[in-house]
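J.: I am attaching a structure below and will ask some questions about it afterwards.
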Amino acid sequence: QVQLVESGGGLVQAGGSLRLSCAASGRTGSTYTKGWFRQAPGKEREFVAGISWSGRTAFTDSVKGRFTISRDNAKNTVYLQMNSLKPEDTAVYYCAADPSGYIGSVTSRYNYWGQGTQVTVSS
């Protein structure tokens, strides 16, 4: 089992920045792909970004150029740096982990999920 705990969410004005962290515990999961998803009220959970154990990354189009994803395998932590935030980025952000190396938007491919952290961007 891998436990994931997100942190770093909060309220920020449009144009601001936040950095989310996702700390993994239990089975180390250092070789697992880690992904960030988000879910706004009334909407389905959507893929935001993912990173493989080797550092290969993927992003959804709406965040390219604004968000970056990184990981520190020694700390079993993955980060999502969010810059130039927009009101439409408002959502609960979830961290997920997949042991198979998959990076993508299919939520069922991810075995482990955190509880989420709220990000609110005011206009």
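J.: Take the residues in the range 52-64 that are free of Cβ contacts under 8 Å to residues at least 12 places away in the same chain and in a loop (DSSP other than H, G, I, E, B), then tell me which one is nearest to Pro99 (Cα to Cα).
T.: The extreme case among them is Ser54.
J.: Something else: For the range 1-21, give me each residue that is open to solvent by 40 Å² or more (accessible area, probe 1.4 Å) and either out of contact with any strand residue (DSSP E or B) (no Cβ under 7 Å at 6 or more places or on another chain) or under 18 Å from Val121 (Cβ atoms) (or both). Give the steps one after another, and end with the answer.
T.: First, pick out the residues of the range 1-21 that are open to solvent by 40 Å² or more (accessible area, probe 1.4 Å): 1, 3, 5, 7, 11, 13-15, 17, 19.
Scanning the range 1-21 gives Ser7, Leu11, Gln13, Ala14, Gly15, Ser17, Arg19.
J.: Give the range 77-123 a look and list any residue that's open to solvent by 20 Å² or more (accessible area, probe 1.4 Å), part of a loop (DSSP other than H, G, I, E, B) and under 13 Å from Ala24 (Cβ atoms), or say none.
T.: Across the range 77-123, the qualifying residues are Pro99, Asn111.
J.: Checking Ala58 against (1) within 14 Å of the chain's Cα centre (by Cα); (2) surrounded by 19 or more Cβ atoms within 10 Å (Cβ to Cβ): exactly one of these is not met. Which one?
T.: (2)
J.: Can I ask one more? Could you list, in sequence order, all residues of the range 33-46 that are part of a loop (DSSP other than H, G, I, E, B) and surrounded by fewer than 17 Cβ atoms within 10 Å (Cβ to Cβ)?
T.: At the first step, the residues of the range 33-46 found to be part of a loop (DSSP other than H, G, I, E, B) are 40-45.
Scanning the range 33-46 gives Ala40, Pro41, Gly42, Lys43, Glu44.
J.: For the condition over 12 Å from the mean Cα position of the chain (by Cα) and surrounded by 14 or more Cβ atoms within 10 Å (Cβ to Cβ), what is the one hit in Ala49, Ala24? Working first, answer last.
T.: Numbers: Ala49 fails: over 12 Å from the mean Cα position of the chain (by Cα).
Going through Ala49, Ala24 in turn, just one is over 12 Å from the mean Cα position of the chain (by Cα) and surrounded by 14 or more Cβ atoms within 10 Å (Cβ to Cβ): Ala24.
J.: If you don't mind, another one. Would you point out the residue of the range 87-120, among those that are out of contact with any strand residue (DSSP E or B) (no Cβ under 6 Å at 6 or more places or on another chain) and at pLDDT 95 or above, that is farthest from Gln1 (Cα to Cα)?
T.: Ranking the qualifying residues of the range 87-120, first place goes to Glu88.
J.: Continuing with this model, one more query. Could you please tell me which pairs satisfy a Cβ distance under 9 Å, a separation of 6+ or placement on different chains, a first residue in the range 1-21 that is of a type in the set (Lys, Arg), and a second residue that is part of a strand (DSSP E or B)?
T.: Once the first residue is of a type in the set (Lys, Arg) and sits in the range 1-21, its partners that are part of a strand (DSSP E or B) give Arg19/Tyr79; Arg19/Leu80; Arg19/Gln81; Arg19/Met82.
The values are calculated or read from the model by the stated rules, or taken from the named source; none is laboratory data. Predicted, not measured: the structure shown is a model, and the values here were computed from it. We place every Cβ from the backbone using ideal geometry, glycine too, and count neighbours over all the protein chains shown. Surface areas here come from the heavy atoms of the whole protein model, side chains and all, with no ligands, DNA or RNA. Shrake-Rupley method; radii C 1.70, N 1.55, O 1.52, S 1.80 Å.
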